[in-house]
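Peer 1: Take a look at the following structure, please.
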Amino acid sequence: MFKLEDFPLPFAASALEPYLSREAVELHHGKHLAGYVATLNGLIGGTGYEELSLEEIIRRSARDGQGQRIFNAAGQVYNHSFFFRCLGRDSPAPFPRRLVDAFGSWENFCANFREMALALFGSGWTWVVEDDSGHRILNSANGDGPVAHGQRPILCLDVWEHAYYLDYRNRRGDYVDAFLHHLISWSAVGTN
Ligand code: MN
């Protein structure tokens, strides 16, 4: 069984203002993520999934024909936890050298990431992942994500409307720009 406390915000709820409001952060973590944790617990209780780690639940349910609801809930718990750990207002760090090598420049990276996030239709996530072929920017739909596909997540942005509607209404591009320029914890990304 999982607890919301297993996935704490690594910053105060007001720490991301003015780019993400305290209200939006509290709602996102304390209601949305909490809801996914409760749903996941309800689905795995008394099943063979109960003793597995979150990543093991994602990988096994992805192959389980009956596991779609567990996959969605576990994916959303993992994705939100990862997303919150990518956020911060720590002092500006240099754009990581490995990402410069992969994307050419900071400006080129931002343009590619923004284009990918704006192209996502429906609900999902925009990621920087690493796999055997190097670093890539890609989207995942709904609760899907890199863990189910053998890729290592480096950075992610929640592009579900609930992530930005309170602060940005329908202006997804402004939300993506705020993320890229003000909300990424590059020290956390470096650890990833
Ligand atoms: Mn979300």
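Peer 1: Look at Glu107 and say whether it is more than 19 Å from Leu138 (Cβ to Cβ) and at pLDDT 95 or above. Quick ask: steps written out before the conclusion?
Peer 2: Details: more than 19 Å from Leu138 (Cβ to Cβ): yes; at pLDDT 95 or above: no.
No; evaluated as a whole, the condition is false for this residue.
Peer 1: While we're on this one: Specify which of the listed residues (Gly104, Gly67, Gly75, Gly88) is touching a Lys or Arg at 6+ places or on another chain (Cβ under 9 Å) and not polar (S, T, N, Q). Before you say what the answer is, go through the steps one by one.
Peer 2: On the way: Gly104 fails: touching a Lys or Arg at 6+ places or on another chain (Cβ under 9 Å); Gly75 fails: touching a Lys or Arg at 6+ places or on another chain (Cβ under 9 Å); Gly88 fails: touching a Lys or Arg at 6+ places or on another chain (Cβ under 9 Å).
Within the list Gly104, Gly67, Gly75, Gly88, the selection yields Gly67.
Peer 1: Does the stretch 90-105 contain any residue that is under 28 Å from Ala34 (Cα atoms) and surrounded by fewer than 20 Cβ atoms within 10 Å (Cβ to Cβ)? Full working, then the answer.
Peer 2: Residues of the stretch 90-105 that are under 28 Å from Ala34 (Cα atoms), as a first pass: 90.
Now drop any that are not surrounded by fewer than 20 Cβ atoms within 10 Å (Cβ to Cβ), which leaves 90.
Checking the stretch 90-105: at least one residue is under 28 Å from Ala34 (Cα atoms) and surrounded by fewer than 20 Cβ atoms within 10 Å (Cβ to Cβ).
Peer 1: What pairs can you find where one residue is in the stretch 149-160 and touching a residue at least 24 places away in the same chain (Cβ under 8 Å) and of a type in the set (A, V, I, L, M), the other is assigned to a helix (DSSP H, G or I) and away from the ligand (no atom under 15 Å from the Cβ), and their Cβ atoms are less than 7 Å apart, with a gap of 6+ or different chains?
Peer 2: Final answer for the pair search is Ile154/Val189; Leu155/Val189.
Peer 1: Checking the conditions here, which among Leu138, Leu155 is of a type in the set (A, V, I, L, M) and surrounded by fewer than 19 Cβ atoms within 10 Å (Cβ to Cβ)? Spell out the reasoning first.
Peer 2: Details: Leu155 fails: surrounded by fewer than 19 Cβ atoms within 10 Å (Cβ to Cβ).
It is Leu138.
Peer 1: Can I ask one more? Take Gly143 and decide whether it is small (Gly, Ala, Ser), touching a residue at least 60 places away in the same chain (Cβ under 8 Å) and outside any helix (DSSP H, G or I). If you could, list the steps in order and put the result at the bottom.
Peer 2: Values: small (Gly, Ala, Ser): yes; touching a residue at least 60 places away in the same chain (Cβ under 8 Å): yes; outside any helix (DSSP H, G or I): yes.
So Gly143 passes the test.
Peer 1: Scan the stretch 1-26 residue by residue and report those that are buried (at least 17 other Cβ atoms within 10 Å of the Cβ), touching a residue at least 60 places away in the same chain (Cβ under 8 Å) and outside any loop (DSSP other than H, G, I, E, B).
Peer 2: Hit for the stretch 1-26 is Ala24, nothing else.
Peer 1: Determine, yes or no, whether Tyr36 is under 14 Å from the mean Cα position of the chain (by Cα), over 30 Å from Trp106 (Cα atoms), surrounded by 13 or more Cβ atoms within 10 Å (Cβ to Cβ) and not charged (D, E, K, R). Can you show your working first?
Peer 2: Values: under 14 Å from the mean Cα position of the chain (by Cα): yes; over 30 Å from Trp106 (Cα atoms): yes; surrounded by 13 or more Cβ atoms within 10 Å (Cβ to Cβ): yes; not charged (D, E, K, R): yes.
In short, yes.
Peer 1: Just to be sure, is His149 more than 16 Å from the ligand (Cβ to nearest atom) and within 23 Å of Arg69 (Cα to Cα)?
Peer 2: Details: more than 16 Å from the ligand (Cβ to nearest atom): yes; within 23 Å of Arg69 (Cα to Cα): yes.
Yes, satisfied.
Peer 1: If you take the residues of the stretch 82-111 that are among the polar types (S, T, N, Q) and farther than 17 Å from Ser187 by Cβ, which of them is farthest from the ligand (Cβ to nearest atom)? Show your work before the answer.
Peer 2: Applying the first criterion (among the polar types (S, T, N, Q)) to the stretch 82-111 yields 91, 105, 108.
Cutting the leftovers down to farther than 17 Å from Ser187 by Cβ gives us 105, 108.
Values: Ser105: 30, Asn108: 27 Å.
Checked the stretch 82-111; the qualifying residue farthest from the ligand (Cβ to nearest atom) is Ser105.
The values are calculated or read from the model by the stated rules, or taken from the named source; none is laboratory data. Keep in mind that what you see is a predicted model, and the values were worked out from it rather than measured. Quick reminder, even Gly has a Cβ in these numbers, built from the backbone with ideal geometry, and neighbours come from all protein chains shown.
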